[in-house]
């Protein structure tokens, strides 16, 4: 029986009696939605009926009602929150179900009145969306893997301490001493120059605002879409499709471990697929600054704060980790440098692949180093501020706009609202890193240098020598993280450029965010 049918049945049974308790004290009314949560474990009904709480309508749903002589005891308690988050605790809404994940991968519905996450202990909050959203589970109950459609991880709003304003416009010399733990402070507030030691967030590419090294700045990922945090896909986006991947299809999404990532899709189709997925949760394709927000949290004391192990599975299977760190980039054989393989002889399968997690444990985010390159919504403008769709009629994103070859134009999808993408200033040089947006994990990862690979120079940053090509007028879209074959070029701080076209090694990731 689905929720609507059950509620209709409940409405027709006038003699059901409800006894309501808030913090173990009996009351006559259901408490206002906010500080209190429904205690599923303690609440019960007579005659084998039971209660599921509908958080969207903030009302009870009584199931398995067989007689009108039924009495239900509804208990409410204060919800769990973590002091260090300063009001940026995870928001559960609509289809999202809070979960805990055991080290063996077992997923259980979380009791949100108890300690179900701890950023202080590097245990990030996780939530899932079910394939069948009418299914219900009680707190502590195991949720089968085959019932899960998607996994998400909560990124709380924070400000971080600046260490480098990223004002690099050429290659110089790598400084590996730049790598450090990034100080952050959680909290639902925006920095301003009126506060000592804080700076105004620069909202345009290349600007510095009033920011100085050692100031704390609210990360820009939390400003363009006002929120106390966002949910990010725990794995690279996968799909139920078996062919014709370059389409707009929000119903074909799955975000799970041990599945093939969704690749061969243009940026516009990837964006609108993400956009269509969960409009009520403001789903969208990850922006470059949102990638940066995850990266900086990972390298704080609340994450693993080390080089994330690559996913080197050559079949693009999500959630994997390499047995060993690679010792070469695009050159060298797999056996020589532990670069990639297509079986389990040189990589580790989820849930044992926590070296590839942003936390070093199973609660973190995977596939942000290796797997597939991931397009993000970060694009360049021309000299007049017009958005560039791509390079030419073949190599482009599929959005309406200008093409860099011969200043042609292409008709395609309309651009989304500006809050859904990051804009970067015009340049034809892929080493002009000062066009960064502070917080996007590009220019701040300098200084930069080059390494020789056969006949080609590869540009690298000071943070773990990750690949570092900035977007240009000719090749205008950011991609992040690297792929299974990139070896030492891969990493959480790796970035390069492409045209927005549907290549077989390029995927994307989904974000959920909403006002509360």
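Since every read-out is calculated from the coordinates, none of them should be taken as a lab result. Computed from a prediction, not measured in an experiment: that's the story for all the values here. Glycine gets a Cβ as well: all are built from the backbone with ideal geometry, and neighbour counts include every protein chain shown.
Only bridges with both residues in the chain count here: give the DSSP antiparallel percent, nearest 5.
Within the chain, antiparallel bridges account for around 75 percent of the total.
Against the longest principal axis of the chain, how steep is helix 267-277, in degrees 0 to 90 to the nearest 10, with axes from Cα atoms?
Long axis of 267-277 versus the principal axis of the chain: about 10 degrees.
So how far apart, in nm, are the two label points at residue 172 and residue 17 if each is 7 Å from Cα heading toward Cβ?
7.8
What is the spin-label model distance, in nm, from residue 280 to residue 456 if the labels are put 7 Å beyond Cα along the C-beta direction?
With each label point 7 Å from Cα toward Cβ, the separation is 4.6 nm.
Within 10 Å, count the other beta carbons around each residue, average over each peptide in 382-394, 489-501, and list them highest first.
For the peptides 382-394, 489-501, the packing ranking is 489-501, 382-394.
Could you give the alpha-carbon Rg of region 309-400 over 2.2 N^0.38 Å, rounded to two decimals?
Details: Rg = 17.4 Å, N = 92, 2.2 N^0.38 = 12.3 Å.
The value comes to 1.42.
Among rounded, prolate and oblate, which fits region 231-347 when a ≥ b ≥ c are the square roots of the eigenvalues of its C-alpha gyration tensor, a/c under 1.5 means rounded, and a/b larger than b/c means prolate?
Oblate, since a/c reaches 1.5 and b/c is not below a/b.
Between rounded, prolate and oblate, where does region 425-479 land on the alpha carbon gyration tensor, with a ≥ b ≥ c its root eigenvalues, rounded for a/c under 1.5, else prolate if a/b exceeds b/c?
Cα axes put region 425-479 in the oblate bin.
Where in region 431-460 does the amide nitrogen come within less than 19 Å of the point 7 Å from the Cα of residue 208, taken along Cα to Cβ?
The answer is 432-448.
Would you compute, from DSSP H runs of 4+ residues alone, the mean residue ellipticity of the chain at 222 nm, taking -39500 (n - 2.57) per run and dividing by the full residue count, rounded to the nearest 500?
-2000 deg cm²/dmol
How high is the relative contact order of region 294-448, in percent, counting Cα pairs under 8 Å that sit 6 or more residues apart?
It rounds to 17 percent for region 294-448.
I'd like the FRET efficiency for residue 241 and residue 55, computed as 1/(1 + (r/R0)^6) with the beta carbon distance as r and R0 of 30 Å, rounded to 0.05.
Efficiency at R0 = 30 Å is approximately 0.45.
What's the FRET efficiency of residue 163 with residue 115 using the Cβ-Cβ distance as r and R₀ = 30 Å, to the nearest 0.05?
Result of the calculation: an efficiency of 0.40.
State the Cα centre-to-centre distance between region 213-265 and region 337-381 in whole Å.
First find each Cα centre; the distance between them is then 14 Å.
Where does each of 359, 306 land when they are ranked from fewest to most other beta-carbon atoms within 10 angstrom? Don't skip to the end; give the middle numbers.
Values: 359 22, 306 14.
So the residues, fewest neighbours to most, are 306, 359.
Distance between Cα centroids, region 19-57 to region 129-175: provide it in whole Å.
If we compute the Cα centre of each part, the gap is 30 Å.
Assuming 0.36 nm per residue, please report the length gained on full extension of the stretch residue 324 to residue 185 beyond their Cα-Cα distance.
Result for the pair: 46.7 nm of gain on full extension.
Based on the mean of other Cβ atoms within 10 Å per residue, sort peptides 225-238, 463-476 so the most packed one is first.
Listed from highest to lowest mean packing, they are 225-238, 463-476.
Report the full-extension gain for the segment residue 504 to residue 78: residue separation times 0.36 nm, less the Cα-Cα distance, to one decimal in nm.
Extra length from residue 504 to residue 78 when fully extended: 148.5 nm.
For a Förster distance of 51 Å, can you work out the FRET efficiency between the beta-carbons of residue 428 and residue 104, rounded to the nearest 0.05?
Given R0 = 51 Å and the Cβ-Cβ separation, E is 0.50.
I need 442, 70, 29 ordered by Cβ neighbour count within 10 Å, fewest first.
Working: 442 30, 70 20, 29 7.
Listing 442, 70, 29 from fewest to most nearby Cβ atoms yields 29, 70, 442.
Relative to the first principal axis of the alpha-carbon coordinates of the chain, what is the inclination of helix 288-298, with its axis defined by its Cα atoms, in degrees from 0 to 90 and to the nearest 10?
70
Please give the residues of region 421-437, grouped as numeric ranges, whose backbone N is less than 20 Å from a label point set 7 Å along the Cα-to-Cβ vector of residue 405.
So the set is 427-430.
If you stretched the chain out fully between residue 342 and residue 44, how much longer would it get, using 0.36 nm times the residue separation minus the C-alpha to C-alpha distance?
Once the chain is fully extended between residue 342 and residue 44, it gains 102.2 nm.
Ranking 425, 69 by Cβ neighbours within 10 Å, fewest first, what do you get?
By the 10 Å Cβ count, ascending, the order reads 69, 425.
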